[in-house]
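The values are calculated or read from the model by the stated rules, or taken from the named source; none is laboratory data. The structure displayed is predicted, hence computed values, not measured ones. Glycine gets a Cβ as well: all are built from the backbone with ideal geometry, and neighbour counts include every protein chain shown.
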Amino acid sequence: MTALPELSFSVFQRLQPAEYQKRFLAQHVRPDGRGLDEARPTALTMGAISTADGSALVRMGGTTVVVGIKAEVGVPPMDRDNVGWIVPNLELAPICHPSARPGPPSTFAQVCSHRLYEILINENAPVIDLKDLCVEQGKACWVLHIDAVCLALDGSVLDAALLGMVAALKNLRLPEVIYDDETVTVANPEDGQEEPPKTALNLHHLPLSSSFAIIPAEDTRTSSASSPHMLLDPTTDEEELTEQRLWVVLDAKSEELLCIQRLAGWVEGADARCTGTGGTVSMDVIKKAISQAKERATYLQALLGDF
Amino acid sequence: MDNLRPLSTTQGVLYGADGSARFHMGSTSVLVSVNGPQSQGLGMRDEQEDRAILDISHIPISGTAGVADKHMEECIRTTFESAILLGYHPRTMIQVIAQTIKDDGGLLAASINATTMALMDAGIPMTAIVAAVTCMVEKETGAILVDQTAESLERAKSIHTFAISSARGNSPDPNVLLLHSLGLFTESELSHCQEAAVGATDAIFAFMRKAVSKKIEKGHQQDGDMQED
Amino acid sequence: MSRLELISPEGLRIDGRRPNELRKLTAKVNVLSQADGSAYLEQGNTKVLAAVYGPGEPRQRSKVVHDRSFISVEFNIAPFSAGERRKRTKGDKRSLELAYTIKETFEAVVITTQFPRSQINIYLQVLQADGGTLPACINASTLALVNAGIPMLDYVCACSAGSIEKTPILDINYVEESSDSPDVTVAYLPKVGKVALLQMEARLHIDVFEKVVALGTDGCIEMRSKLDTVIRQGMQQLVNQLEQ
């Protein structure tokens, strides 16, 4: 009998990704060497983009997101004349992943943008008070375009984007504006000799998030379902192999929860594909996720520095 | 534990579709049509060789579908991917179109309930039936309220939407297929909301069962139309 | 308001450079793990990220060319990259034109016949735009293509040049670009000695034109040694990693 050719790890990983992962998880370790509750190294740089009024660059393992805020003067909404607007958007640039397609924003990008919008606009825990953006009641207000561009995508893009958005808001400096009878003048450094003073915004709440990939554990000896594996800060490979994900957002200021969502195991470039065939979330898993998310939030808050 | 607004549902309202249903929760109302499993309209790229794919469209009352509708579609898809036996119909597509008729709070929950009824009408195999409900924690009182109107939801400190499967298996825990919580809340508020949601969905399950059995009783009469007693 | 003085009486430009001086260039290859080749390039305040995927199977059947590879260029500019926020960042005519120009330039230089029936994707992301977006994109693409190991005739080095009050200036920035002085973009193959791209969208006297193009070409030659250093550094890093 001829000997089978020896298969390398990468071939095995490619052909049997689920089995490959399962062997690792049985040993409570992940293919990239992390423990299950271990996040990837996270780096945050604020003020990297000089053309933006506020900016931040986040690297979470292989995921890189750059966020820039552009402030424009606009008209307040019709129903509330003493507030401004914030317009968050997440763009998955075609550069970020081989499967990302050029063209209009994918469903995935739109859904992500909406989720980030829901967090930033939360009426009960607003990050910034929209009233702070009012320039002149009913006439003029600030419009903050918060654009996050994902340059490299390797899982947990919501976490990176949210951290980047919060950091960019912290980094934001609004120029002085003079409202003068229907016209708004933004104090311009070219007019005067010295740079006019710019003001930072108060951040009232601090939403910090954690993603989890939940993979059911099979106990081979007893064949009974034990508590599932919970992978903090999953990579794209891990997101693709799971049937469900959990996104937990907490407010680092009040230590209360802002959002919990169950997300389908789903990735960019596979818009109409369904990967899941089952899976539910139990309160046990949620409780564990919350406690891990709390730890992660403490770490992320330290990255953001003082408030 | 049933503080739901009046429920009513009608199956088989659309003649062109393989299955359809209208579902009212109070004045919130959604009409859902289901087509499939079919291969028509399925792009080569989307086809899955081992299962059916779900194609969900959520259509607002007026205008074109926006980002919020996309998010709603994503929530419905997450829910039903875990409930429909997609592996029974490989290389096909199940198309679900949810048309909002009126939104008076709890639109997502009503859409999910209507989708369950429409899927049953179309005879799509599922592991269990799914019911959804929206819970809120009131800002002033901290009271947990179920299935509230849009006006009442404005007083919420946090809003939680649950979709729960009727199959509980051996586990004592409810089978939560969708969880979407937003606002400012604590862990215990979340678990209280889940308890309330379990009670409320049990009532919806009972209602759905009654609706379907009434329809069957009517036998060859064309439509099953029933109101909650 | 008086017209901005673009060249001071001492002969220095608005950012303090001499007329024939390039902006500071910093670049790095191998910045993205997912791409086959990638590069990040800063030319003054213009910041560009380039990624190359391929050669691989074409996404669209209709794009297959039986005897050579097909290059597709996607150009994307971040909304916060310039002074004013860009409302539509994708698919506007300016971006499409830029992408097409880059595609044409590289189709002539990449040895596409080595990879028949395949596609090479070049993705460009502009993070900050401060003039000279096109040359910066071409330079970044060159780095990324070399990094991806795709055979080319030579480095494609690009540089912009212009003329202010008959003085030819090299590597123009945003302020100079937005004043109505003419600007020329040259992409040059220094080893081969051929011009791959020459683009001008203004009126320029033929006597000055020659000088401007010559200056631009000189800039490209200087650019080549800078790009080469970046590639060699990237290679050295790889070698060091292998040795460890």
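Laid out as a table, the results:
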read-out	value
Output for the range B:1-60, where each listed residue is at positive phi and within 14 Å of chain A (Cβ to nearest Cβ)	B:G36, B:G41
Counted residues, the range A:48-61 - those being surrounded by fewer than 21 Cβ atoms within 10 Å (Cβ to Cβ) and touching a strand residue (DSSP E or B) at 6+ places or on another chain (Cβ under 6 Å)	2
Residue match in the range A:56-74 (condition: in a helix (DSSP H, G or I) and within 14 Å of chain C (Cβ to nearest Cβ))	no
Residues of the range A:75-99 satisfying the condition of being aliphatic (A, V, I, L, M), surrounded by fewer than 21 Cβ atoms within 10 Å (Cβ to Cβ) and within 14 Å of chain C (Cβ to nearest Cβ)	A:V87
Where C:E107 falls short, out of the listed (1) more than 25 Å from A:I146 (Cα to Cα); (2) buried (at least 18 other Cβ atoms within 10 Å of the Cβ)	(2)
Residues of the range C:149-169 classified as over 17 Å from C:I206 (Cα atoms) and surrounded by fewer than 23 Cβ atoms within 10 Å (Cβ to Cβ), total	5
Qualifying residue in the range A:121-129 (condition: closer than 30 Å to C:Q34 by Cα and without any contact (Cβ under 8 Å) to a residue 24 or more places away in the chain)	no
The range A:41-86, residues that are modelled with pLDDT under 90 and among the acidic types (D, E)	A:E72, A:D79, A:D81
Single match in A:V143, A:V135 (criterion: within 14 Å of chain C (Cβ to nearest Cβ), under 26 Å from A:P77 (Cα atoms), surrounded by fewer than 24 Cβ atoms within 10 Å (Cβ to Cβ) and of a type in the set (A, V, I, L, M, F, W, C))	A:V143
Residue in the range A:87-104 that is assigned to a loop (DSSP other than H, G, I, E, B), at pLDDT 85 or above and in the same structural domain as A:A48 (by TED's automatic domain parsing) present	no
Which numbered condition B:V67 fails, given (1) among the β-branched types (V, I, T); (2) facing chain A (nearest Cβ under 9 Å); (3) more than 20 Å from A:C259 (Cβ to Cβ)	(3)
Members of the range B:147-160 that are surrounded by fewer than 24 Cβ atoms within 10 Å (Cβ to Cβ) and either in contact with a Phe, Trp or Tyr (Cβ under 6 Å, 6 or more places away or on another chain) or more than 7 Å from chain A (Cβ to nearest Cβ) (or both)	B:Q148, B:T149, B:A150, B:E151, B:S152, B:L153, B:E154, B:R155, B:A156, B:I159
Whichever residue in the range B:84-105 is in contact with a helix residue (DSSP H, G or I) (Cβ under 8 Å, 6 or more places away or on another chain) and of a type in the set (G, A, S) and, among such residues, is modelled with the lowest pLDDT	B:G105
Which numbered condition A:E6 misses (of (1) in contact with a helix residue (DSSP H, G or I) (Cβ under 9 Å, 6 or more places away or on another chain); (2) over 19 Å from A:L163 (Cα atoms))	(1)
From the options B:A114, B:A83, residue that is more than 11 Å from chain A (Cβ to nearest Cβ) and of a type in the set (A, V, I, L, M, F, W, C)	B:A114
All strands (runs of 3 or more DSSP E) inside the range A:181-299 with 2 or more residues being at pLDDT below 85 and under 30 Å from A:V143 (Cβ atoms)	A:183-186, A:198-200
Residues of the range A:246-261 that turn out to be over 14 Å from the mean Cα position of the chain (by Cα) and more than 8 Å from chain B (Cβ to nearest Cβ), as a count	3
Filter result (buried (at least 20 other Cβ atoms within 10 Å of the Cβ) and either basic (K, R) or closer than 24 Å to C:A82 by Cα (or both)) within the range C:45-57	C:T46, C:K47, C:V48, C:L49, C:A50, C:A51
Considering residues of the range C:4-27 that are among the basic types (K, R) and surrounded by fewer than 16 Cβ atoms within 10 Å (Cβ to Cβ) only, the residue modelled with the lowest pLDDT	C:R18
When residues of the range A:105-132 are limited to those that are part of a helix (DSSP H, G or I) and of a type in the set (V, I, T), the one farthest from the other protein chains (Cβ to nearest Cβ)	A:I119
Total residues in the range B:163-197, condition under 16 Å from A:V248 (Cβ atoms), part of a strand (DSSP E or B) and not β-branched (V, I, T)	8
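One line per residue, one yes/no per condition, for (1) closer than 30 Å to C:V52 by Cα; (2) of a type in the set (S, T, N, Q):
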site: C:I150; (1), (2): yes, no
site: C:L153; (1), (2): yes, no
site: C:C159; (1), (2): yes, no
site: C:G162; (1), (2): no, no
site: C:P168; (1), (2): no, no
site: C:N173; (1), (2): yes, yes
site: C:S181; (1), (2): no, yes
site: C:Y188; (1), (2): yes, no
site: C:L198; (1), (2): yes, no
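Listed here are the residues, each with its yes/no results for (1) over 18 Å from A:P98 (Cβ atoms); (2) buried (at least 22 other Cβ atoms within 10 Å of the Cβ).
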| position | (1), (2) |
| --- | --- |
| C:S62 | yes, no |
| C:S69 | no, yes |
| C:S72 | no, no |
| C:A99 | yes, no |
| C:Q125 | no, yes |
| C:G131 | yes, yes |
| C:A136 | yes, yes |
| C:A140 | yes, yes |
